[in-house]
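Below you'll find the structure, written out as structure tokens, and then a few comments.
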Amino acid sequence: MRAAVVHEFGKPLVIEERPAPEPGPGQVRIRLEASGLCHTDIHAAHGDWPVKPSPPFVPGHEGVGIVEELGEGVTHLKIGQRVAAPWLGRACGRCEHCLSGWETLCESQENTGYGRDGGYAEQMLVWADFAQPVPDGIDPRDAAPLTCAGVTTFKALKVAGVRPAQLVVVSGVGGLGHLAVQYAKIAGATVAAVDVTDAKLEMAAELGADILIDARKEDPAEVLQRHGGAHVALATAADDRAFAAVYGGLRRGGKLVMVGLPADGSIKVPIFETVLKGVSVIGSIVGTRQDLDEVYRLHAAGRTRVIYRTRRLDEVNESIEEVMRGEVSARIVFEM
Ligand code: NAD
Ligand code: ZN
Ligand code: ZN
């Protein structure tokens, strides 16, 4: 089987022929149909974050495919069934986080396409308990971006407790942001979208954003304050400046939810304003299996639209360049 492999941080991925991996007890092997390119895969391939993967590794945590072999003891999945392999590749199931509905915070978790080989391949292994069944009727190319971009932004809005009539700002309308805009609309919010390219802002408008803010031309904080300030700001861009800009656009009691993960990212949080305005700054990491199931069900019900362009796996390096240049609305999906 073919896989796109990171051998050295910052170097092009290499397409390699590898033997089909054999599922161990509790695992299944899937044959991938579609696999999304999340910006996280680029951070992984560049070694951007303090906790780094160990090359050689296969990135990808938006893989969707068909179960083709069951490891020992796997009884709840069937050969021929469509599943996804999300970022949360496995959690312990026993710690306080797992037991309290926060498996995404498990300290013993394994991460797909980071700590173990991911979906930039024709075949891969998935822990059966974390192989997410994809409901019938969802196109695998839609399911792929929902598996990370969808669940991550859906969860971030849940964490923020968004309610109807609130003003939600989505800063960065890329793979994550284009779904965030839709979930915020579903929650009944008025939505402001911030980006730095014309195409992304046009897409945000098409998806229902009420207020468009071009951060190249205007200060998002000022525009948001003219609208009374945002109740919730979802920062999804891989750029620190995008976080600072919307922090300043919060109203009293507002919440900044940090989702994007720029390399060495940090912002200055002014203590006086944070205290007096009762502002919260929250980090949010992907979502649970339950969250992902809800994301798929919303999509199956026709409530969301996934915007993508398809590429072949051997176009992986050009695809990464395109995403870095901000040219992709909204996701690249590799068709296997
Ligand atoms: P993307 O490249 O598809 O989208 C980023 C968007 O931000 C683009 O539309 C870009 O034009 C826009 N942008 C860039 N600079 C900006 C600025 N100054 N102001 C406003 N917008 C700006 O990336 P993505 O796949 O959506 O991922 C975004 C980030 O989220 C990455 O850092 C990724 O690692 C992270 N991520 C986090 C989680 C999580 O669980 N917290 C999950 C998935 C991805
Ligand atoms: Zn755990
Ligand atoms: Zn991701």
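The values are calculated or read from the model by the stated rules, or taken from the named source; none is laboratory data. Not measured: the values here are computed from a predicted model. Using ideal geometry, Cβ is built from the backbone for each residue, glycine included, and neighbour counts are taken over all protein chains shown. Protein only, heavy atoms only, side chains kept; ligands, DNA and RNA dropped before computing areas. Shrake-Rupley method; radii C 1.70, N 1.55, O 1.52, S 1.80 Å.
Quick notes
- GNM on the chain, alpha-carbon springs under 10 angstrom: the most fluctuating residue among S108, S319, S171 is S108.
- A helix-only calculation puts the chain at -7500 deg cm²/dmol for mean residue ellipticity at 222 nm, using -39500 (n - 2.57) for each DSSP H run of at least four residues, averaged over all residues.
- Whole-Hz ³J(HN,Hα) from phi, Karplus 6.51 cos²θ - 1.76 cosθ + 1.60, for the stretch 255-269, glycine and proline x: 10, 9, 9, 8, 10, x, 10, x, 4, 6, x, 7, 10, 8, 9
- In this structure the amide hydrogen of L256, modeled in the peptide plane, comes within under 5 Å of the amide hydrogens of A233, S280, V281, I282, none closer than 5 places in sequence on its chain.
- Per residue, the accessible area of the chain comes to 42 Å² when a 1.4 Å probe rolls over the protein heavy atoms.
- Global geometry of the stretch 166-246, whether rounded, prolate or oblate, following the gyration tensor of its Cα atoms and the 1.5 cut on a/c: rounded
- Cα-based values for the chain, radius of gyration first and Dmax second, are 19.4, 60 Å.
- Spatial separation of Cα centroids for the stretch 162-176 and the stretch 1-33, in angstrom: 35 Å
- Bridge type composition, the chain - antiparallel percent by DSSP, nearest 5: 50 percent
- For the stretch 275-336 versus the stretch 42-80, the gap between their alpha-carbon centres in whole angstrom: 17 Å
- Computed over the chain with a Gaussian network model linking Cα atoms closer than 10 Å, the most mobile of L250, L32, L276 is L276.
- The chain, accessible surface, carbon-and-sulfur percent (1.4 angstrom probe): 51 percent
- Between the amide H of V5 and those of V14, I15, E16, distances stay under 5 Å, these residues lying 5 or more places away or on another chain, with hydrogens modeled in the peptide plane.
- Mean Cβ neighbour count within 10 Å, used as a protection proxy, ranking 184-193, 116-125 highest first: 116-125, 184-193
- For N111, nonlocal amide neighbours, meaning residues 5 or more places apart or on other chains whose placed amide H falls under 5 Å from its own, are G89, R116.
- Proximal charge balance of L212 [Cβ under 15 Å; K/R count +1, D/E count -1]: -4
- Area of H39 that stays accessible when all protein chains are in place (1.4 Å probe, Å², to 10): 60 Å²
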